[in-house]
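Peer 1: Pasting a structure here, questions to come.
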């Protein structure tokens with residue numbers, strides 16, 4: 001093991017700690033504060049393990065855990081773009097901001113790891129493999145559960161429309177169909193109390 005390799009790995013791990021400071025729009029379930037992106041990634045990893053029995057039979061749980069661990073790390077530099085943000089400019093620049101951030105954060109690592117971690121991030125973003133589809137479905141589910149437990153959370157705070165929530169939840173419908181009745185029940189319940197607009 002070279003000193004340079006270890007130094008680069010340590011630099012990456014230290015820099016990755018900054019993900020804890022990236023605030024998301026989704027509140028914690030106790031509504032005490034907004035969750036951060038590191039908490040979100042951890043919660044997705046736990047969900048991946050817990051809900052694996054509902055996933056397609058050919059998922060590789062280890063790979064899914066890699067994808068969910070890496071998927072938002074670019075937010076250290078690119079920030080979190082709120083899924084329901086009406087700011088078209090934020091969404092228009094999101095892809096390039098995240099690609100630039102990926103170059104920067106993964107560039108801290110030794111070459112082989114830089115390539116591997118970047119591939120994990122790109123696989124998640126592309127949503128083409130069965131592992132990435134499961135990981136993306138979990139990404140949508142985690143936010144739904146946070147908003148549900150927080151009494152409407154960011155849905156209510158940002159006056160989110162039912163059609164937008166349902167469009168956002170589509171990866172769950174496609175990849176975790178056994179969970180879909182639960183998703184519809186939650187959305188309808190929050191529509192009924194006015195936390196999601198119809």
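For every residue, the table says whether it meets (1) in contact with a helix residue (DSSP H, G or I) (Cβ under 6 Å, 6 or more places away or on another chain); (2) crowded, with 19+ Cβ neighbours inside 10 Å; (3) farther than 30 Å from residue 151 by Cβ.
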{"position": "19", "(1), (2), (3)": "yes, yes, no"}
{"position": "26", "(1), (2), (3)": "yes, yes, no"}
{"position": "37", "(1), (2), (3)": "yes, yes, no"}
{"position": "58", "(1), (2), (3)": "yes, no, yes"}
{"position": "72", "(1), (2), (3)": "yes, yes, no"}
{"position": "77", "(1), (2), (3)": "yes, no, yes"}
{"position": "95", "(1), (2), (3)": "no, no, yes"}
{"position": "100", "(1), (2), (3)": "no, no, yes"}
{"position": "103", "(1), (2), (3)": "no, no, yes"}
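Peer 1: A further question follows. Which of the residues that make up the range 171-198 are in contact (Cβ under 8 Å) with a residue 12 or more places away in the chain and under 19 Å from the mean Cα position of the chain (by Cα)?
Peer 2: Of everything in the range 171-198, those that are in contact (Cβ under 8 Å) with a residue 12 or more places away in the chain and under 19 Å from the mean Cα position of the chain (by Cα) turn out to be 171, 172, 174, 175, 176, 179, 183.
Peer 1: Further question on the same structure: Can you find, within the range 143-155, the residue that is modelled with the lowest pLDDT among those that are farther than 17 Å from residue 167 by Cβ and in a helix (DSSP H, G or I)?
Peer 2: Selected residue: 153.
Peer 1: Looking at 159, 140, 189 in this structure, which one is in a helix (DSSP H, G or I) and out of contact with any helix residue (DSSP H, G or I) (no Cβ under 7 Å at 6 or more places or on another chain)?
Peer 2: Residue meeting the stated conditions: 189.
Peer 1: Same structure, new question: List the helices (runs of 4 or more DSSP H) inside the range 52-129, counting only whole elements, that have at least 2 residues being free of Cβ contacts under 8 Å to residues at least 12 places away in the same chain.
Peer 2: The qualifying helices (runs of 4 or more DSSP H) are 88-106, 111-126.
The values are calculated or read from the model by the stated rules, or taken from the named source; none is laboratory data. Predicted, not measured: the structure shown is a model, and the values here were computed from it. Neighbour counts run over all protein chains shown; Cβ positions are idealised from the backbone, glycine included.
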